[in-house]
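*Asks:* Handing you this structure, nothing more for now.
The values are calculated or read from the model by the stated rules, or taken from the named source; none is laboratory data. Computed from a predicted model, the values in this text were never measured in an experiment. Cβ sites come from the backbone with ideal geometry, for glycine too, and all protein chains shown count toward neighbours. Just so you know, the surface numbers come from the protein's heavy atoms only, side chains and all, with ligands and any DNA or RNA stripped out. Shrake-Rupley method; radii C 1.70, N 1.55, O 1.52, S 1.80 Å.
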Amino acid sequence: MSKATLDQQYDYIIAGAGAAGLSLAWKMIHSPLSDKKTLVIDNELEPTNTKTWCFWESGAPPFSDIIHKKWTHTKIGTSQKHFSQPLNEYPYYCIRKIDFQRKIHQAIRSHPHFTLAEEQITTLESHSDSAILHTNDHSYQAEYIFQSCFPLHPQKKQAPKHPLWQHFLGWEITVEEPLFDPQVFTLMDFDDSFCDGIAFMYILPWSATSALIEYTIFSERVEEQSFYEDKISLYLNNQFNLRPIDYQINRQELGKIPMQDLLAKPWYKPRILNIGTSSGRTKPSTGYTFQRIQQQTKNLVTNLNKTGTPDPQPPSAFRYKAYDLWLLHIIHTSPQKALTVFKQLFTNNSADDLFRFLGEQSTFRQDLSIMSSVPYAPFLKAIWNTRNRLWQIFKNYLLRN
Ligand SMILES: Cc1cc2nc3c(=O)[nH]c(=O)nc-3n(C[C@H](O)[C@H](O)[C@H](O)COP(=O)(O)OP(=O)(O)OC[C@H]3O[C@@H](n4cnc5c(N)ncnc54)[C@H](O)[C@@H]3O)c2cc1C
């Protein structure tokens with residue numbers, strides 16, 4: 001039963017207006033679903049420049065009018081060398097959260113059937129033919145709720161066996177003299193001295209004099225803020241000969257993204273569908289999520305249009321789930337071997353081939369070619385050690401609803 005009397009009835013409610021909620025709202029507005037009465041609700045609607053969403057794309061990028069920056073080359077760094085590769089097929093793009101929010105908030109606010117509300121959601125309740133969203137002051141009912149605001153709380157059997165995080169802190173800096181090549185972003189400049197997991201510097205140059213420099217770790221334990229800051233400051237000194245007085249820090253970006261073998265459930269409760277990170281959309285072995293959210297919300301709108309019922313699709317084909325699990329196992333149990341795997345992946349393959357593989361657009365033959373470019377032994381061990389977990393993941397696929 002609802003705790004309060006219903007304030008409004010909707011066809012759909014989008015609970016959480018982050019990357020997934022706003023992507024879904026945008027696609028609904030540009031589909032026949034735009035005549036459905038829809039509420040989009042979040043506890044914080046003020047646009048903020050706190051995230052940069054990057055992704056690679058072979059065709060036209062989504063939200064092309066707010067692409068903040070495009071790169072046509074990528075650089076990889078190891079202790080032995082730095083080398084750059086062209087991105088002929090998969091350029092790399094960046095969208096700033098602040099631009100994304102402004103664009104989609106404006107579209108929602110100017111639409112007659114869509115409402116944007118700023119409220120703290122307290123609970124989501126499910127009934128046989130409807131779902132109810134409660135805030136401190138109101139209750140709203142809809143046929144379906146799409147939620148990205150509550151994380152998954154897996155039962156013991158579903159909990160990840162490899163509970164890794166991709167955690168990072170970045171400084172957006174400006175310098176006086178031209179220093180960066182604005183065409184080339186650094187995907188990974190490995191920190192060989194780090195042994196608790198995998199660590200590297202990720203660099204997005206906005207111009208010759210401005211860049212986001214991010215120290216990123218794949219491991220179980222998030223560090224104190226000063227740990228990442230010390231690493232960045234040391235890197236700026238060693239790599240670019242910059243002392244703290246030589247640069248200005250304009251912005252800081254920090255966060256953590258799950259890299260886990262979670263058995264994600266598509267439904268939060270009946271009639272309440274998980275979307276975005278809450279639905280396990282993050283690619284476990286890389287942390288990339290934004291493009292996968294675009295695919296998820298596109299499929300969702302197509303299904304809703306066709307059948308009136310959301311039909312959640314698994315985030316990945318099963319074989320990619322297996323590859324992700326094996327790589328997570330190696331990162332978690334043998335980080336030094338994982339470091340070798342990463343380095344060989346980048347040394348022995350073109351960046352386009354790797355992006356096709358990591359974007360799950362490769363053929364099985366192309367997968368085999370990528371796999372033959374890295375040492376076999378850690379993978380054979382991972383395949384054997386994760387066999388029971390893989391079986392659980394497979395069963396979860398069969399029972400996904
Ligand atoms: C700093 C950062 C950078 C990232 N960069 C990239 C990248 O470059 N490329 C990439 O592919 N992925 C990236 N990711 C991963 C992923 O794309 C993002 O986390 C993305 O925002 C996930 O979208 P989401 O909608 O699932 O969650 P969110 O965007 O976090 O949206 C959830 C929304 O729910 C709201 N909410 C939560 N609780 C409540 C409540 N109780 N009541 C009301 N509202 C609530 C929040 O305010 C938020 O707006 C990044 C993640 C972080 C943290």
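*Asks:* Across the chain, what fraction of all alpha-carbon pairs, as a whole percent, falls in each successive 20 Å bin from zero upward?
*Replies:* P(r) for the chain, in whole percents per bin: 26, 56, 18, 0.
*Asks:* Taking 0.36 nm per residue of sequence separation and subtracting the Cα-Cα distance, how much length would be gained by fully extending the chain between Lys306 and Gln248, in nm to one decimal?
*Replies:* On the way: separation 58, 0.36 × 58 = 20.88 nm, distance 5.24 nm.
Full extension of this stretch gives 15.6 nm more.
*Asks:* Leaving out ligands and nucleic acids, note down the accessible area per residue over region 1-133 with a 1.4 angstrom probe, in whole Å².
*Replies:* Numbers: 5980 Å² over 133 residues.
Per-residue value: 45 Å².
*Asks:* 222 nm [θ] for the chain, helices only, -39500 (n - 2.57) per DSSP H run of 4+, per residue, to 500?
*Replies:* About -10000 deg cm²/dmol.
*Asks:* Separate question: Keeping every protein chain present and rolling a 1.4 Å probe, give me the accessible area per residue for region 287-337 in Å².
*Replies:* On the way: 1990 Å² over 51 residues.
Roughly 39 Å² per residue, with all protein chains present.
*Asks:* If you average the C-alpha positions of region 87-141 and of region 189-224 separately, how far apart do those two centres end up, in angstrom?
*Replies:* Result: 31 Å between the Cα centres.
*Asks:* At a 10 angstrom cut-off on C-beta neighbours, averaged per residue, how do the peptides 355-361, 18-24, 205-211 rank from highest to lowest? List each step's numbers first, then the result.
*Replies:* Numbers: 355-361: 19.1, 18-24: 26.0, 205-211: 17.4.
Ranked from most to least packed, the peptides come out as 18-24, 355-361, 205-211.
*Asks:* What is the chain's relative contact order, in percent, from Cα pairs under 8 angstrom and six or more apart in sequence? Spell out each step's value before the answer.
*Replies:* Working: 769 pairs, mean separation 71.9, N = 401.
Relative contact order, the chain: 18 percent.
*Asks:* Beta carbons within 10 angstrom, averaged per residue: use that to sort the peptides 239-251, 222-234, 114-126, 94-106, highest first. Walk me through the numbers before you get to the answer.
*Replies:* Working: 239-251: 12.9, 222-234: 14.8, 114-126: 16.5, 94-106: 18.4.
Most protected by this proxy first, the peptides run 94-106, 114-126, 222-234, 239-251.
*Asks:* Counting heavy atoms of the protein chains only and a 1.4 Å probe, report the per residue accessible area for region 164-259 as a whole number of Å². Numbers along the way, then the final one.
*Replies:* Values: 4310 Å² over 96 residues.
In whole numbers, region 164-259 has 45 Å² accessible per residue.
*Asks:* Work from the charge dipole of region 1-129 (Cβ charges, +1 for Lys and Arg, -1 for Asp and Glu, about the Cα centre) and give the residue of Asn43, Cys54, Ile108 farthest towards its positive end.
*Replies:* Working it through, the farthest residue towards the positive pole turns out to be Cys54.
*Asks:* Got a number for carbon plus sulfur as a percent of the chain's accessible area, 1.4 Å probe? Don't skip to the end; give the middle numbers.
*Replies:* Numbers: 9470 of 18340 Å².
Roughly 52 percent of what the probe reaches on the chain is carbon or sulfur.
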